[in-house]
Structures are given as structure tokens and as C-alpha cells.
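*Asks:* Sharing a structure with you now.
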Amino acid sequence: MGVAVRVIPCLDVDAGRVVKGVNFVDLRDAGDPVELARAYGAAGADEVTFLDVTASVDGRDTTYDVVGRTADTVFVPLTVGGGVRTPDDVDRLLRAGADKVGVNTAAIERPELIAEIAERFGSQVLVLSVDARRCGPDTVTASGYEVTTHGGKKGTGIDAVEWARRGAELGAGEILLNSMDADGTTAGFDLEMIREVRAVVDVPLIASGGAGTAEHFVEAARAGADAVLAASVFHFGTLSIAQVKQAMRDAGIEVR
Amino acid sequence: MTSPLVCVLDYGFGNVRSAVRAVEHVGARVVLTDDRAIAENADGLIVPGVGAFEAVMTGLKGVRGEQVIGRRLSGGRPVLGICVGMQVMFERGVEHGVESEGLDHWPGTVEKLQAPVVPNMGWAQVDVPAQSVLFDGLQDERFYFVHSYGARQFPLGTTEDTGRFRAPLVTWSEAGTADASDRFVAAVENGPLSATQFHPEKSGEAGLQLLRNWVATLS
């Protein structure tokens with residue numbers, strides 16, 4: 001019993017359009033996040049995540065509109081991350097129709113933001129996104145992993161495992177752990193990092209970065225992930241949500 | 001025949017946009033408002049709820065929601081509570097050691113779930129009683145839960161059906177793993193008052209069908 005391991009496709013959205021190639025058949029407009037979210041919902045996605053990579057204010061307004069139109073037609077949970085800096089940003093996204101909101105850089109700069117959001121909206125809306133990598137030769141942390149910013153380009157020297165633990169303690173309802181080393185490699189999730197974070201965090205853990213085969217998802221779930229997130233393998237049609245779930249089911253993992 | 005009118009109570013809490021669209025999607029007319037006359041007289045009332053028990057209660061009282069719900073139930077008019085909108089139907093809630101009074105339509109306490117991973121987040125199976133109307137055709141489906149607290153007991157009306165009063169139908173679910181699971185109330189059907197701990201408006205086709213089943217009781 002208990003909840004099934006969730007399979008979550010992630011879409012990068014810039015000013016209302018999906019960026020990074022999406023290779024979906026039977027879609028009139030594969031660049032439309034609303035249509036893609038609907039297609040993934042129909043294909044069995046347990047949630048859909050939008051990562052808003054928009055930098056401009058006008059683009060952000062477009063994002064709110066996209067979130068609203070998605071919530072109107074897609075009846076599975078929708079998480080939106082990217083550029084969230086204040087509780088008011090969270091409020092706007094929730095009002096637009098997001099169910100959960102991802103916070104990343106702003107929480108590293110000001111960890112109290114996590115508590116402020118959790119107190120106002122409840123922990124269940126707050127996903128702390130942790131972009132982590134193995135420490136290079138010039139950085140030392142207790143776990144050997146550090147938090148990065150700017151899409152993995154900048155190290156912070158902050159221990160990634162400790163940061164995840166602290167984030168949950170401050171009120172994050174979920175941790176999205178993204179391996180910047182594995183991201184884009186399709187060589188598999190960073191299982192060691194998943195295990196280390198799992199050991200210190202008792203809120204749900206979403207593993208991200210490195211998925212290439214259905215077996216990789218099985219490994220991540222076995223390492224302790226409550227949910228697995230991927231982008232390109234789904235967008236390029238390398239794997240379907242159904243294939244991933246079948247592999248997990250075959251391995252004895254509960255899926256929806 | 002006109003489709004039934006559902007009021008989604010607007011008191012500042014809950015993912016109301018999704019609730020409104022989902023109920024529209026299954027064929028009801030929907031109005032989102034805190035207007036008492038509309039809320040009291042609509043064919044059905046949905047009480048959404050996200051966040052903390054005490055904050056939700058304060059919000060409800062701010063629109064005199066307790067009277068609206070009370071008047072509806074005295075007249076046998078259907079009410080559907082969702083998530084914290086279900087939790088506040090119980091006698092009390094305990095969050096972070098703070099005890100708050102609920103609307104007390106059902107005895108029992110809403111308290112922290114005892115599971116290895118909390119919040120209990122994701123799609124879970126439910127254990128549906130016979131004769132359930134809400135879950136008709138949905139006994140083997142999963143629904144989307146996101147909550148840290150729950151009613152771990154349901155003390156009301158466990159006696160045999162007397163024929164005059166119908167015992168509440170209680171649907172259960174479990175959080176956690178096979179080794180460490182915690183049973184909690186996933187849904188209740190008790191005369192005009194129904195409620196779900198999960199989010200039917202976020203539970204895909206199964207959730208929409210459950211709402212369809214509820215809407216079908218309104219006309």
C-alpha cells in the first residue's frame with residue numbers, strides 16, 4: 001500500500017513556448033506547453049512540471065497565462081519552478097492554477113524564504129529544487145556533493161546533502177534532487193547521491209538528471225526516490241511514460 | 001433538463017480554479033463565490049481547502065462558512081469537502097501541537113500521519129465500502145493525495161444499519177510502506193455530507209468520474 005512512485009515529465013518553458021526539442025507525434029503544436037501537458041497527462045504522467053526559464057517580465061506574464069490554461073484542461077498536478085523569489089510569486093502561481101511551486105536560487109540566497117512560503121501556503125506546495133554535483137578539486141563538503149546555481153555552472157561550496165536536509169527542516173514539502181553531473185548524459189541517475197539524501201530527508205524525494213533507459217528509473221526508485229523526473233527521454237520519444245511504468249511494475253515497484 | 005448548479009465556496013483557500021474547471025468538465029454549472037445566498041441555495045456546495053487546518057477554519061468563518069454548511073446540511077443539501085475541506089468537518093485538528101476546533105459534523109481528530117515519508121504525496125489505492133455512490137465503478141482506481149495530516153479513526157456510526165438511519169460509508173487508504181503503514185480516512189459519504197482527503201480535481205479520469213458521480217446525485 002501507500003503511494004505509487006510518480007513519473008514526471010518536465011517541460012522547459014520560455015515566454016509561453018516549450019524550448020528544447022519535443023518530438024511528439026499527433027500534436028499540432030509541440031511547442032505549446034498546454035497541449036504537451038495534456039498529451040503527457042493522457043499518456044499517464046503522474047504530474048507535469050514546468051520549468052519557467054523566462055527572464056523578462058512580459059514573458060513571466062505569459063507563463064501565468066500558460067499555467068492557467070494548463071490547469072483548466074489537465075487534471076493531474078502541475079508544478080511550476082523557475083524565477084520564484086518571494087511568497088507573492090508563489091501566490092501568483094498558485095492563483096494561476098499551479099498546485100506546487102519549485103524554489104531554487106532564491107532559497108540558497110535567503111533560506112528563510114522556505115519557511116515564509118511554508119507558513120503561508122503549507123509545506124505541500126513547496127518543492128525545493130537542489131541542483132547538485134560532485135565536488136571538484138577545489139571544493140570540499142562533508143558529503144562530497146555541492147549545490148550549484150546557474151544551471152550547474154557556478155558552485156556554491158554548500159553541501160548538497162546537508163542543504164536538502166535543512167530545506168526539509170525549514171518546511172520544504174518535497175526535494176527535487178537534480179544531478180548536474182548526470183544531467184543530459186542519459187547514463188543513469190546519480191544513485192549514490194539519491195541514497196545519501198534519502199538517508200537524511202523524510203519528505204518525498206524526486207530524482208532528476210541522467211535518465212536514458214527504463215531500467216534507470218527502476219534504479220532510482222530502488223535507491224529511495226519517491227518520484228522520478230525526466231525531460232529529453234520523454235520529449236524525444238526515446239521512452240514513453242508507459243514503458244517506464246511497465247519496467248517499474250515488472251521490477252515490483254508500485255506505479256499508477 | 002438544466003444541469004445542476006454547484007457553488008465552489010470562495011474563502012481564500014484552495015486550488016479553486018482546478019476545482020471549478022473539473023466540475024464544469026463533468027457537466028455542472030459552477031459558480032465560485034462567497035455569497036451566502038448562492039452558497040446556501042446551490043444544488044451542491046464544494047468546500048475546497050489547502051494549507052493549515054486553523055487557517056482554513058479562520059478563512060471559513062470569515063465568510064460565515066460554518067453557517068452556510070450547517071444550513072445546507074439541516075436541509076439535506078449536498079456538500080462535498082476536499083482535502084482540508086474534508087478535515088475541518090471533523091471535531092478537531094492538531095497541527096504543530098496546536099489544537100483547533102473543527103466544524104464537528106463528525107467526531108474524531110485530524111492529526112499528523114505516522115509514516116516514514118510525510119507529506120503523503122502521490123497516487124494511492126483506496127478501500128471502498130460496498131454501496132458507495134461516489135466510487136461507483138472506481139473501486140480499483142488510484143487517487144492523488146497530498147497531505148501531512150489525516151483522520152486516523154472514524155468513531156461515528158459503526159453500528160449496524162438500522163434501516164432508519166444509514167451508517168456513514170467510510171473509504172480508507174494507507175500512507176507509508178508495507179512495513180510501516182498508517183491507515184487514514186480517504187473519503188466519507190454520510191447523508192448530504194461527502195468528503196475526500198484526496199484531490200478528485202487532480203486525480204485524472206478517475207477523479208473526474210468521482211465528481212461526475214457526485215454531480216449525478218444533485219439533480
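*Asks:* Considering only the stretch A:234-245, how many residues are closer than 23 Å to B:M121 by Cβ and either among the hydrophobic types (A, V, I, L, M, F, W, C) or touching a helix residue (DSSP H, G or I) at 6+ places or on another chain (Cβ under 8 Å) (or both)? Working first, answer last.
*Replies:* Taking the stretch A:234-245 as the starting set, the residues that turn out to be closer than 23 Å to B:M121 by Cβ are A:234, A:241-242, A:244-245.
Then keep just the ones that are either among the hydrophobic types (A, V, I, L, M, F, W, C) or touching a helix residue (DSSP H, G or I) at 6+ places or on another chain (Cβ under 8 Å) (or both); that gives A:234, A:241-242, A:244.
Within the stretch A:234-245, residues that are closer than 23 Å to B:M121 by Cβ and either among the hydrophobic types (A, V, I, L, M, F, W, C) or touching a helix residue (DSSP H, G or I) at 6+ places or on another chain (Cβ under 8 Å) (or both) number 4.
*Asks:* Which residues, counting only those in the stretch B:108-127, are away from every other protein chain (no Cβ under 14 Å) and either among the aromatic types (F, W, Y) or in contact with a Leu (Cβ under 8 Å, 6 or more places away or on another chain) (or both)?
*Replies:* Once the filter is applied, which keeps residues that are away from every other protein chain (no Cβ under 14 Å) and either among the aromatic types (F, W, Y) or in contact with a Leu (Cβ under 8 Å, 6 or more places away or on another chain) (or both), the stretch B:108-127 yields only B:G108.
*Asks:* Where in the stretch B:10-76 are the helices (runs of 4 or more DSSP H), entirely inside, with at least 2 residues that are under 30 Å from B:V98 (Cα atoms), aliphatic (A, V, I, L, M) and modelled with pLDDT of 95 or more?
*Replies:* On the way: elements: B:16-25, B:36-41, B:53-62, B:65-74.
Once the helices (runs of 4 or more DSSP H) in the stretch B:10-76 are filtered for at least 2 residues that are under 30 Å from B:V98 (Cα atoms), aliphatic (A, V, I, L, M) and modelled with pLDDT of 95 or more, what remains is B:53-62, B:65-74.
*Asks:* Taking B:S100 and the conditions (1) under 26 Å from A:R256 (Cβ atoms); (2) away from chain A (no Cβ under 14 Å); (3) surrounded by fewer than 19 Cβ atoms within 10 Å (Cβ to Cβ), which numbered condition does it fall short on, given that it satisfies the others?
*Replies:* It fails just one condition, (1).
*Asks:* Considering each residue of the stretch A:71-82, count those that are without any contact (Cβ under 8 Å) to a residue 40 or more places away in the chain and touching a Lys or Arg at 6+ places or on another chain (Cβ under 7 Å), and give that number.
*Replies:* Residues that pass the stated criteria total 6.
*Asks:* Looking at B:V84 and the list (1) over 25 Å from A:Q124 (Cβ atoms); (2) touching a residue at least 40 places away in the same chain (Cβ under 8 Å); (3) among the β-branched types (V, I, T), which single condition is not satisfied?
*Replies:* Exception for B:V84: condition (1).
*Asks:* Mind checking which helices (runs of 4 or more DSSP H) fall wholly inside the stretch A:193-256 and carry at least 1 residues that are at pLDDT 95 or above? Quick ask: steps written out before the conclusion?
*Replies:* On the way: elements: A:214-222, A:232-235, A:241-250.
Fully inside the stretch A:193-256 and qualifying: A:214-222, A:241-250.
*Asks:* Let me ask another. Among the residues of the stretch B:139-148, are any in a strand (DSSP E or B), in contact with a His (Cβ under 8 Å, 6 or more places away or on another chain), within 23 Å of B:V94 (Cα to Cα) and of a type in the set (A, V, I, L, M)?
*Replies:* Yes, the stretch B:139-148 has at least one match.
*Asks:* Look through the stretch A:148-185, keep the residues that are crowded, with 17+ Cβ neighbours inside 10 Å and among the hydroxyl-bearing types (S, T, Y), and return whichever of them is nearest to B:L113 (Cα to Cα).
*Replies:* A:S179
*Asks:* Let me ask something else about it. Restricting to the stretch B:140-157, count the residues that are farther than 18 Å from B:V88 by Cα and either within 12 Å of chain A (Cβ to nearest Cβ) or modelled with pLDDT of 95 or more (or both). Step through it out loud before you land on a result.
*Replies:* Quick first cut of the stretch B:140-157, residues farther than 18 Å from B:V88 by Cα only: B:140-144, B:157.
From what is left, the residues that are either within 12 Å of chain A (Cβ to nearest Cβ) or modelled with pLDDT of 95 or more (or both) are B:140-144.
So the count comes out to 5.
Residue by residue, here is whether (1) part of a loop (DSSP other than H, G, I, E, B); (2) more than 13 Å from the chain's Cα centre (by Cα); (3) in contact (Cβ under 8 Å) with a residue 24 or more places away in the chain; (4) more than 10 Å from chain A (Cβ to nearest Cβ) holds:
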position: B:F165; (1), (2), (3), (4): yes, yes, no, yes
position: B:V170; (1), (2), (3), (4): no, no, yes, yes
position: B:A195; (1), (2), (3), (4): no, no, yes, yes
position: B:L210; (1), (2), (3), (4): no, no, yes, yes
position: B:V215; (1), (2), (3), (4): no, yes, yes, yes
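*Asks:* Collect the residues in the stretch A:168-204 that are within 23 Å of A:D52 (Cα to Cα), away from chain B (no Cβ under 14 Å) and not hydrophobic (A, V, I, L, M, F, W, C), keeping them in residue-number order.
*Replies:* A:N178, A:S179, A:D181, A:D183, A:G184, A:T185, A:T186, listed by residue number.
The values are calculated or read from the model by the stated rules, or taken from the named source; none is laboratory data. Worth saying up front: this structure is predicted, and the values here are computed from it rather than measured. Cβ sites come from the backbone with ideal geometry, for glycine too, and all protein chains shown count toward neighbours.
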